[in-house]
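The values are calculated or read from the model by the stated rules, or taken from the named source; none is laboratory data. Fair warning: this is a prediction, and the values are worked out from it, not measured in the lab. All Cβ positions, even for glycine, are placed from backbone atoms using ideal geometry, and neighbour counts span all protein chains on display. For the accessible areas, the whole protein counts, side chains as well, though only heavy atoms, and no ligand, DNA or RNA atoms are used. Shrake-Rupley method; radii C 1.70, N 1.55, O 1.52, S 1.80 Å.
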Amino acid sequence: MADPWRFRMRRVGESGPKVRLRGPDSRPHFVVCGHDALVFHVLNGLLEAEIDGSPLRITLLMLPGRQADAAQLRRLQGVRVIRADRLDEATFRAAGLVGAKGLALLDQDDVGNIHAALCAQEVEPSLRVVMRMFNTNLATGVRRLFPDLAMLSDASMAAPAFVAAALGEVAPTHFRRDGRTLHVARRSDVRPEDVVCGLADTRDEHRLRLLPDAGADLVLAEATGQAPGTEIAARRLVQARRRNRLRHWRKWPVTHALRSFATRKIGMATIAVLALIAILGYVTSQAEHVSIWEAIYLTLVTTLSGADPDVEKEASGQIMQVVLSLAGLALVPLITAAVVEGVVNARLALTAGREQGERRGHVVVVGLGNVGTRVMAQLNDFGIEVVAIDKAPEPRGAVLARRLGITLIVGDAALEETLRAASVHSCAALVVLSTDDVANLQAALNGRAIQPDLRVVLRLFDGDFAERIQTAFGIDISRSVSYLAAPSFTAALLHRSVIATIPVGRHALVVAEVRVQEGSSLDGTTLADAGKAGSVRVIAHSRPGQVRPDWSPDPADPLAAGDQLMVVARQSGLTWLLHQASTAAAPAGETATLPAPRDGQR
């Protein structure tokens, strides 16, 4: 697998018949605004797509200050890149938005995206707009402003997959269609009659097979009312944490409090002075022939308040009196220093988000950006204790963390002491979700060094890097948020009917509906011609006017114009099927070649 930034991108002319235009460019035009990994994958999907057999004309608008990703995005072949100071009417007109088919606003600024959409509407009122939003609560009000708007959140799409991975379960993907609710499950967890189709064979961690003809252990099945695997796993984790808390509550609070109250030097000095006082108290009880209680009373009063000098005392008594007075001079400042330091430590712990006491069975989430905030909230909804770590004093999810009572540690998760402050040695899982691949890897490796059998869920963009790390270090799960979310953004921009996206490791399958057009390659063939092993699987078939589809279609059933197919497919497979079902596809007698999955499809 190659570095995704260095994909050898398919040229526009390779997406379909080469178009040689003598007049104005009549290819369908799409404008994309943004700069990050999601933009890269959406552009990649658009470059593979066609509309009525014609490849797309794509313009990328980039704002200043994004040069780190701009250099990579400008290398994409077939994409016109325009740098702009701001996204306003003049910029959109210069980008050729008039007459464009669609606009994708993919920046990570909700307010900026809304403002850009309003400006774009002034240029092209009937434009299809796909907007990236973090605050989905704005969706209802904003939709009223635009005639054709799709608002999607990549964070909300990817977060359930990370939560499931942290709990050791499959991603909780489910959708309802034509009276049936389908969900992703392990074959062993569902009845054989409820299985709709196999999705992947995941038993060999070094050789994942998608959409195999047989042997899939991960399946798409009909829901029958049982609790999802993620919910069951969360319940088990909460119960185990409660048992551990009951087992350890007697021993850890006092010892931990004593360890954290004062520094080692102050503690040692205080213990030495108290030991001296105890010894002299015993000597006093023997010399004065008094009880132990009376000796303790005399010793403490002499130490803390001093005693009147008595020249008629024996020399040994006078010596003990002087020593106790000196011990009192040392003990009072030590007690004062210990109290002050304990209060200061407590305040610093509260400021940094470190809660006193050891935790067990919790989940540590690193990075409270868009995705990390949603993962934190969903784990909290399941009743799982969460400890969050972020470098920034006020990350995006800080307000929510305080409202939910979640501990937030401000510090660098790549440092071992930060992870120890989060009790990584006794946590159930470490979920690393910052946007820096190198920092994420360092945090994951340090977490494994603290707890060798720790479950690590790692966010990495670079696919080749992720696979090598997973193999070399045994990291459990590595995912790319942008790759999981990009198919839904691309489909929304192209008005494709994508029903759901199913994450499988670092791969993504899509559930989509495809209509057979008259005169297409599929018109007059059979269902078997619409499927390809490893790329496309037909799960339902309906004819025009049919109320409910056939969920167990016969591969020999004939296809005709107007038929509707519901399929599970890889992105390359869906592109092929859409081409075969369109009137621009090759005639039925010609051979259609399914493009091989490109490097970086993960």
Check whether at least one residue in segment 488-509 is open to solvent by 30 Å² or more (accessible area, probe 1.4 Å), under 28 Å from VAL31 (Cβ atoms) and modelled with pLDDT of 90 or more, and report yes or no. no
Conditions (1) at pLDDT 80 or above; (2) open to solvent by less than 50 Å² (accessible area, probe 1.4 Å); number of the one not met by PRO147: (2)
Got a number for residues in segment 154-177 being polar (S, T, N, Q) and without any contact (Cβ under 8 Å) to a residue 40 or more places away in the chain? 0
Helices (runs of 4 or more DSSP H) contained in segment 51-168 and holding at least 2 residues under 24 Å from the mean Cα position of the chain (by Cα): 67-73, 110-123, 154-166
Given the structure, is THR181 surrounded by 11 or more Cβ atoms within 10 Å (Cβ to Cβ) and either among the polar types (S, T, N, Q) or modelled with pLDDT of 60 or more (or both)? yes
Going residue by residue through segment 152-159, is there one that turns out to be in contact with a strand residue (DSSP E or B) (Cβ under 6 Å, 6 or more places away or on another chain) and crowded, with 23+ Cβ neighbours inside 10 Å? no
Would it be correct to say that GLY112 is surrounded by 14 or more Cβ atoms within 10 Å (Cβ to Cβ) and on the phi > 0 side of the Ramachandran plot? no
Flagged in segment 184-219 as in contact with a Lys or Arg (Cβ under 6 Å, 6 or more places away or on another chain), closer than 16 Å to ALA512 by Cα and either in a strand (DSSP E or B) or open to solvent by 20 Å² or more (accessible area, probe 1.4 Å) (or both), in numbering order, are CYS197
Are there helices (runs of 4 or more DSSP H) fully within segment 389-464 with at least 3 residues that are open to solvent by 10 Å² or more (accessible area, probe 1.4 Å), modelled with pLDDT of 90 or more and under 18 Å from LEU379 (Cβ atoms)? List them. 398-404
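Yes/no matrix, rows are residues, columns are (1) within 14 Å of VAL424 (Cα to Cα); (2) crowded, with 21+ Cβ neighbours inside 10 Å; (3) not β-branched (Val, Ile, Thr):
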{"site": "HIS362", "(1), (2), (3)": "yes, yes, yes"}
{"site": "VAL371", "(1), (2), (3)": "no, yes, no"}
{"site": "LEU379", "(1), (2), (3)": "no, yes, yes"}
{"site": "PHE382", "(1), (2), (3)": "no, no, yes"}
For ALA586, all conditions in the list (1) under 30 Å from VAL457 (Cβ atoms); (2) at pLDDT below 90 hold save one; what is the number of the exception? (1)
Could you give every pair whose Cβ atoms fall below 8 Å, whose first residue belongs to segment 435-455 and is among the basic types (Lys, Arg), and whose second residue is open to solvent by less than 20 Å² (accessible area, probe 1.4 Å) and assigned to a helix (DSSP H, G or I), counting only separations of at least 6 or pairs across chains? ARG455/ALA166
So, first residue within 16 Å of THR173 (Cβ to Cβ) in segment 187-208, second residue open to solvent by 30 Å² or more (accessible area, probe 1.4 Å) and outside any loop (DSSP other than H, G, I, E, B), Cβ within less than 6 Å, six or more apart or across chains; the pairs are ASP194/GLU222; CYS197/ARG537
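Residue-by-condition table, conditions (1) open to solvent by 20 Å² or more (accessible area, probe 1.4 Å); (2) on the phi < 0 side of the Ramachandran plot; (3) basic (Lys, Arg):
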position	(1), (2), (3)
VAL516	no, yes, no
SER520	no, yes, no
THR525	yes, yes, no
ALA533	yes, yes, no
ARG537	yes, yes, yes
GLN571	yes, yes, no
LEU578	yes, yes, no
Could you tell me which of the residues SER552, SER520, SER542, SER535 is modelled with pLDDT of 90 or more, more than 30 Å from LEU103 (Cα to Cα) and of a type in the set (Gly, Ala, Ser)? SER542
Could you check segment 493-574 for strands (runs of 3 or more DSSP E) lying wholly inside it with 1 or more residues that are closer than 20 Å to LEU211 by Cβ, hydroxyl-bearing (Ser, Thr, Tyr) and within 36 Å of the chain's Cα centre (by Cα)? 497-504
